[in-house]
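To keep things clear, I will list the structure first and then write my remarks on it.
The values are calculated or read from the model by the stated rules, or taken from the named source; none is laboratory data. What you are looking at is a predicted structure, and each value in this text was computed from that prediction instead of being measured. When we count neighbours, we look across all protein chains shown, and the Cβ atoms used for this are built from the backbone with ideal geometry, even at glycine. Side chains are part of the model used for accessible areas, which takes the heavy atoms of the whole protein and leaves out ligands, DNA and RNA. Shrake-Rupley method; radii C 1.70, N 1.55, O 1.52, S 1.80 Å.
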Amino acid sequence: MSDTPLATSQLFKAIHACNWQAVIQRIQADPSLAKIESSDGILPLHAACNAPLRAPLKLIKMLLAAHPKAAQIKCGKEDRLPIHILLATTETPYIPYTPPSEDIVSALVELYPGGARVPDGNNQLPIHLACNIVGVSEKVLTFILSTYPEGAYVRDFHGKYPLDYATTNVDLPTRKLALAALDRGTLYASISKMTSLRLSKENESKTRSMEEDYEKKLNKMESHAKEERAKLLAKLDNTTKQLKEEKEKNQTLCEEKEKLVIEKDQAVARAIQFERVRYGKLEEQLRSDLADVQLKNMDLLDQLESTQGDLDTSKETEAKRVGEIDVLTQTLSETNDKLDGTKNKLDMTEEQLKMVQGELATACNLIKQKSGRIAQLEQSLDDTKSSVLHLIQEHECAQANMEKQKEYLGIFISQQINAEKEAKSSLLKMSLLVDAIDVSQRIMGGKLEEAVDVPSTPVKEVLEEKKSEVAEESQ
């Protein structure tokens, strides 16, 4: 767009120079220039009508098409419309005078017929100015008077009628044309009055018939409006019923969701309580087994001490003690078997924990499916997502608690392994006692070779085999 002060100034310079080809090119390139005023507040249409060298009809039509309201705008010191300016233009010493074009006058009046009724700053109508100029055509006068015949009876601020300007016109042919046109104008005025009366009567009858038709149409519209209102009320009732049904469905869904949450919480609580009871029983059983093992180890130590005294007293008691040691080794193997059974139980409990976790996962999946259905049925239940997320967090907390319980089981298993290590240490102590017995046998061997014929090495070998078996089982 070239709506800059430079383009505007160039446009008005071309108009003042009557370079109409340049003006047409600029308006064709940018029609918005027709809406821009000059520094004096003049529009391009007014400036073109005021040019001494008449503007071509093509330019006037282009300016009117680009800015139609310009024909209704007053400009200049004398507050004139474009038609006033066109009819008031006089000759200059450098450019010969040409009367206004009939086509341009008709174009301005056709676009704005009310312009023939509008006075300028001197209260002069276009007919006043047309009667005062030289060379005006009869068609221009007739066209203006036919548009507003009553203008022939209007005075300006100088107290003159259009007839006064026509009688004082310096050009005799123009004077005759103007006077003849004004005579016809009076005839036009009388005819217009008669036609106005006739039209008023016709309009009254038409208005009455139109009022009756309007009342009929209004009654029809009222009846139609009542029917439409009844239909709309029925639709409103249906929609309210549907809304109530949707609300009830939403309430039922919320209740189902709450029931699912409660059932999930109860299932989790039952599973946790069941696992706690099971872990408590396992802990008590393991503690009792450890206590039994410790008691048996104490009994073994007491028995070993008693065997040492019996070996010192007699070889017969030594043979009995060897049998008792065998019995003790069997009891140790039984305790190891019990420890293996406890390990198997611990493995079973871990598998059961995994099963419980799977059940919890399926419960979470069901909760997610229910939450998805609730979200599809009603967008207003978006708040349930936060509750589902809260449930997932609680599930994660439950998983964390399960992990802690696993840690506790690991600690318990480590304690069991420590108990096995203590059992191994007790076996080592027994082996040391056996070695001490072997040493005592060797010391006493020189004295009792003839009286006792029982070898001492088999006892040590048996204990060493038991130690190796225990080591292999622990591995």
Net charge (Lys, Arg +1; Asp, Glu -1) of residues whose beta-carbon lies under 12 Å from that of Leu290, Leu290 excluded, is -3
Could you go through region 420-428 in sequence order and give the Karplus-derived ³J(HN,Hα) for each residue, using 6.51 cos²θ - 1.76 cosθ + 1.60 with θ = phi - 60°, rounded to whole Hz, and x for Gly and Pro?
4, 4, 5, 4, 4, 5, 5, 4, 4
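Just the accessible area per residue of region 216-344, please: how many Å² with a 1.4 Å probe?
72 Å²
Among Lys257/Lys281; Lys338/Lys404; Lys69/Lys160, which pairs are too far apart, with a Cα-Cα distance over 28 Å?
Pairs exceeding 28 Å: Lys257/Lys281; Lys69/Lys160.
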Heavy-atom accessible area of Phe274 with all protein chains present, probe 1.4 Å, nearest 10 Å²?
110 Å²
Expected unfolding gain across Met298-Asp312 under the 0.36 nm per residue rule, minus the alpha-carbon gap, is 2.9 nm
Honestly region 1-77 on the Cα gyration tensor test (a ≥ b ≥ c root eigenvalues; a/c under 1.5 rounded, otherwise a/b vs b/c for prolate or oblate) is just rounded
Per residue, in Å², the accessible surface of region 13-69 once ligands and nucleic acids are set aside, probe 1.4 Å
49 Å²
Give the calculated FRET efficiency between Gln25 and Asp171 to the nearest 0.05, with a Förster radius of 51 Å applied to their Cβ-Cβ distance.
0.90
At R0 = 25 Å, FRET efficiency that the Cβ-Cβ distance of Glu422 and Arg276 yields, to 0.05:
0.35
Across Lys74/Lys176; Lys296/Lys429; Lys206/Lys226; Lys264/Lys354, pairs whose alpha-carbon gap is larger than 20 Å:
Lys74/Lys176; Lys206/Lys226
If R0 = 60 Å, then Thr240 and Lys58, at their Cβ-Cβ distance, give a FRET efficiency to the nearest 0.05 of 0.35
For Lys338, placing the label point 7 angstrom along Cα-to-beta-carbon and taking region 396-416, residues whose amide nitrogen sits under 20 Å are 412-416
Kindly rank 206-219, 245-258 from highest to lowest mean number of other beta carbons found within 10 Å of each residue.
245-258, 206-219
Protection proxy ranking of 294-300, 48-54, 229-235 - average other beta-carbon atoms within 10 Å, highest first:
48-54, 294-300, 229-235
For region 383-427, dividing by residue count, accessible area per residue (probe 1.4 Å) in Å² works out to 62 Å²
